[in-house]
Amino acid sequence: MNFSNQIVLITGGSRGIGKAAAVEFAKRQATVVINYRQDEAAAEATLAQLPGTGHTTIRANVCDPEEIREMIETIVERYGRLDVVVNNAGLSMFHPVDEVDFEHWATSWRTTLETNLIAPANVCFFAARQMIRQGGGRIVNVSSRGAFRGEPTKPAYGASKAGLNAMSQSLAKQLAPYNIFVGVVAPGFVETDMAKVTLTAAERAAVMNDCPLKRIAQPEEVAYAIAFLASPGAEFMTGAILDINGASYLRS
C-alpha cells in the first residue's frame with residue numbers, strides 16, 4: 001500500500017484512531033492533513049510524529065457545514081487535490097433510557113447524530129464534489145461494532161453508526177461511476193484515551209474476556225484496515241464494512 005503523491009484528510013486526526021491513521025498513511029508516503037476541532041496542541045504533537053514532509057493541521061468544526069466547505073477548499077488550494085478522506089471524528093454519550101431525564105436523553109440524541117452521522121455526511125458531500133471534479137478518490141468512514149450488536153446505555157451511538165453504514169453503502173453505489181470508492185471500518189473496543197477514561201477495571205476485564213484474543217484492539221490495527229480500504233487495488237471492496245473486533249462479535 002503506497003500513497004505517494006496522495007493527499008489524505010483525516011477528521012479528528014489528533015488522537016486515538018485518527019492519530020494512528022495519520023501515522024499509517026504518512027509511513028506509506030501520503031501527505032496527511034490532520035483535522036482538529038479545539039485541541040491544537042494535540043494536533044501539532046501528532047503532526048510532529050509523522051514521517052515525511054508536507055503534512056499539515058487544519059482547524060474546523062465538522063458539525064458546521066460552512067467550516068467543512070472552507071476546509072476542503074483550503075486543502076485543494078494548497079495541494080491541488082484531495083485523494084482520500086477518513087471520517088474519524090465522533091463522540092459517545094451515555095444516556096440509558098431507564099436512568100436519565102428527557103432533557104439528557106434528547107440532548108444526547110441530537111448531539112450524537114449531529115456529530116456521528118450528519119457531520120460525516122456533510123464531509124462526504126463536499127469531498128465527493130471535489131473528487132468528481134478531479135476524476136476520483138476514496139472515502140473511508142469509521143463506524144463501530146455497536147451498529148450491529150446494539151448499545152443499551154448509548155442507543156444514539158449505535159443508531160448513528162448504523163446510519164453511517166447505510167449512508168456509506170448508498171454513496172458507494174452512487175459514486176462508483178465517478179471512480180470514487182467508499183468503505184467502512186467497524187471496530188469494537190480500541191485502546192484509546194477515551195476507552196481508558198470510560199472503562200472501569202471490571203468493564204475492561206469483561207471486554208477482554210469477551211474477545212477470543214483476550215485483549216483490546218490497538219489503534220494501529222484499525223489504522224491498517226483504513227489504509228487497506230483506501231489503497232489502490234481495493235476498488236472492488238467499495239461498499240464493504242470491515243469488522244475489527246477480534247471475533248468478539250460475529251454477524252452473518
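No lab work stands behind these numbers, since they all come straight from the coordinates. Predicted, not measured: the structure shown is a model, and the values here were computed from it. Note that we place each Cβ from the backbone using ideal geometry, even for glycine, and neighbour counts take in every protein chain shown.
Hey, among the residues in the stretch 210-231 that are touching a residue at least 12 places away in the same chain (Cβ under 8 Å) and not in a helix (DSSP H, G or I), which one's nearest to VAL182 (Cα to Cα)?
First pass over the stretch 210-231, keeping only residues touching a residue at least 12 places away in the same chain (Cβ under 8 Å): 210-213, 215-231.
Within this subset, residues satisfying the condition of being not in a helix (DSSP H, G or I) are 211-213, 215-218, 231.
Details: CYS211: 28, PRO212: 30, LEU213: 29, ARG215: 29, ILE216: 26, ALA217: 23, GLN218: 23, SER231: 11 Å.
Taking the candidates together, the pick is SER231.
Search the stretch 158-176 for residues being within 14 Å of the chain's Cα centre (by Cα) and among the hydroxyl-bearing types (Ser, Thr, Tyr), and hand back the single one that is nearest to ALA106 (Cα to Cα).
Filtering first and then ranking leaves SER160.
When the stretch 152-164 is examined, which residues are found to be free of Cβ contacts under 8 Å to residues at least 60 places away in the same chain and not in a helix (DSSP H, G or I)?
PRO152, THR153
Just give me the residues in the stretch 97-110 being crowded, with 16+ Cβ neighbours inside 10 Å and either closer than 23 Å to TYR36 by Cα or in contact (Cβ under 8 Å) with a residue 12 or more places away in the chain (or both), in sequence order.
SER108, TRP109
If you check THR200 against the conditions, is it surrounded by 18 or more Cβ atoms within 10 Å (Cβ to Cβ), among the hydroxyl-bearing types (Ser, Thr, Tyr) and over 22 Å from LEU250 (Cα atoms)?
no
For residues that are more than 17 Å from GLU24 (Cβ to Cβ) and either surrounded by fewer than 16 Cβ atoms within 10 Å (Cβ to Cβ) or out of contact with any Phe, Trp or Tyr (no Cβ under 9 Å at 6 or more places or on another chain) (or both), tally how many sit in the stretch 229-240.
Here is the first cut: in the stretch 229-240, the residues more than 17 Å from GLU24 (Cβ to Cβ) are 235-240.
Filter once more, keeping what is either surrounded by fewer than 16 Cβ atoms within 10 Å (Cβ to Cβ) or out of contact with any Phe, Trp or Tyr (no Cβ under 9 Å at 6 or more places or on another chain) (or both): 235-236, 240.
Within the stretch 229-240, residues that are more than 17 Å from GLU24 (Cβ to Cβ) and either surrounded by fewer than 16 Cβ atoms within 10 Å (Cβ to Cβ) or out of contact with any Phe, Trp or Tyr (no Cβ under 9 Å at 6 or more places or on another chain) (or both) number 3.
Within the stretch 165-185, can one find any residue that is in a loop (DSSP other than H, G, I, E, B) and touching a residue at least 60 places away in the same chain (Cβ under 8 Å)?
No, the stretch 165-185 has no match at all.
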